[in-house]
Amino acid sequence: VNETAATSLVDAVRSGDRGALARLLSVVEAGGEEARAALAELPVTAGDATWTIGITGAPGAGKSTLTAALVRHLRAKGVRVGVLAVDPTSPFTGGAILGDRVRMHDHTTDPDVFIRSMATRGHPGGLARAVPQAIRVLAAAGHDVVVVETVGVGQVEVGIAGTADTTVVVVNPGWGDGVQAAKAGLLEIGDVFVINKADRDGVSATVRDLEAMLALAGERAWVPPVLPTVATRDEGVDDLVDAVERHRAAAEASGELTERRERRIADEIRGLVLDRCIKQADDLVSGTRFATVVRQVADGVSDPYTAATLLVEGADGGAA
Ligand SMILES: Nc1nc2c(ncn2[C@@H]2O[C@H](COP(=O)(O)OP(=O)(O)OP(=O)(O)O)[C@@H](O)[C@H]2O)c(=O)[nH]1
Ligand SMILES: [Mg+2]
């Protein structure tokens, strides 16, 4: 790998070259040697000044619409914003990226906004690894805030939102007793709760239910606020910006910020380890040695457990 190429790509990103930024994000998403070389140029602490906001919630809750509104409000304050829209690549959400593009369209010509969709294809460790790395890249490019939109289903997606500096959980009126939120693990990770689509019925009941469920956690230094919004009409978004700023101040003061950032680093390392283990496993279960073992089990000479142990532990006596 050409270390000089990696260095000049990172330098170009630091100097504000948007083409280079797009390329570096692709490199990071793909992982491997090229990503390693580039990220070696980007110390984790380089992103310390950048605030990350995770936006998560059920499919269709209005996360993208809310993100676009949030970006608009932050831009009005002169804040430079990067957006990572994590596409879960499920067959049911195939339209998500297109939808996000449409809603984000207002911002695509603003040089101080950078929007990127990130696919979660590939190895299970991929997303846990790539999101923290992409945040670091966007920080290096001078973004003051990075918003990460992930759908609030799936352990990995919820986990990623939960390691943001501030996690915003988006629900809709009629989530009723909040059981869905609890099941998805969203109650634990939310620093700010938004009841979007507050133009619909049942807002006050949902506020009450959520607040009651949050109160079950007992006394806490930071009590997550519950805010109604109508993202499509830009209502309540000022309050959201305000709540995020208050949470930021509280997290900085309490040491929670340091903890979150360590969790993000842990996710990244875990993802890298997982990717490598999977690569090693793939190698073990292919090739002639594997074919031999399969035949032995098929012939009744060995059994699957013994075969697996032999493959993993590398003893070749039985497999030869
Ligand atoms: N009535 C109403 N509709 C809204 C509001 N916010 C968003 N919507 C609509 O809800 C639909 C889904 O909005 P998105 O922003 O794509 O939701 P999302 O959570 O990003 O969806 P996925 O990324 O597919 O999970 C769109 O048709 C929006 O126009 C709101 O406050 N009120
Ligand atoms: Mg979306």
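The values are calculated or read from the model by the stated rules, or taken from the named source; none is laboratory data. As the structure is a computational prediction, the values presented were derived from the model and not from experiment. No Cβ is skipped: glycine too gets one built from the backbone with ideal geometry, and neighbour counts run over all protein chains shown. Remember, those area values only see protein heavy atoms, side chains included, never the ligands or the DNA or RNA. Shrake-Rupley method; radii C 1.70, N 1.55, O 1.52, S 1.80 Å.
Assorted remarks:
- Of the residues making up the stretch 191-208, those that are under 25 Å from residue 149 (Cα atoms) and either modelled with pLDDT under 90 or open to solvent by 60 Å² or more (accessible area, probe 1.4 Å) (or both) number 2.
- All of (1) open to solvent by less than 50 Å² (accessible area, probe 1.4 Å); (2) at pLDDT 95 or above; (3) among the hydroxyl-bearing types (Ser, Thr, Tyr) hold for residue 232 with one exception: (1).
- Only one of the numbered conditions (1) open to solvent by 10 Å² or more (accessible area, probe 1.4 Å); (2) within 16 Å of ligand 1 (Cβ to nearest atom); (3) hydrophobic (A, V, I, L, M, F, W, C) is violated by residue 61, and that is (1).
- Residue identified as in a helix (DSSP H, G or I), open to solvent by 10 Å² or more (accessible area, probe 1.4 Å) and either among the acidic types (Asp, Glu) or over 26 Å from residue 261 (Cα atoms) (or both) among 219, 188: 188
- Scanning the stretch 196-241 for residues that are more than 9 Å from ligand 1 (Cβ to nearest atom), of a type in the set (Val, Ile, Thr) and closer than 22 Å to residue 165 by Cβ yields 223, 226, 237, 241.
- Scan of the stretch 35-78 for residues that are part of a loop (DSSP other than H, G, I, E, B) and under 16 Å from the mean Cα position of the chain (by Cα), ordered by number: 50, 58, 59
- Those helices (runs of 4 or more DSSP H) of the stretch 241-320 in which at least 2 residues are closer than 30 Å to residue 73 by Cα, considering only elements entirely within it, cover 256-284.
- Scan of the stretch 1-34 for residues that are of a type in the set (Ser, Thr, Tyr) and either in contact with a Pro (Cβ under 7 Å, 6 or more places away or on another chain) or part of a loop (DSSP other than H, G, I, E, B) (or both), ordered by number: 15
One line per residue, one yes/no per condition, for (1) farther than 23 Å from residue 248 by Cβ; (2) within 16 Å of ligand 2 (Cβ to nearest atom); (3) touching a Leu at 6+ places or on another chain (Cβ under 9 Å):
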| residue | (1), (2), (3) |
| --- | --- |
| 46 | no, no, no |
| 56 | no, yes, yes |
| 59 | yes, yes, no |
| 64 | no, yes, no |
| 68 | no, yes, no |
| 73 | no, no, yes |
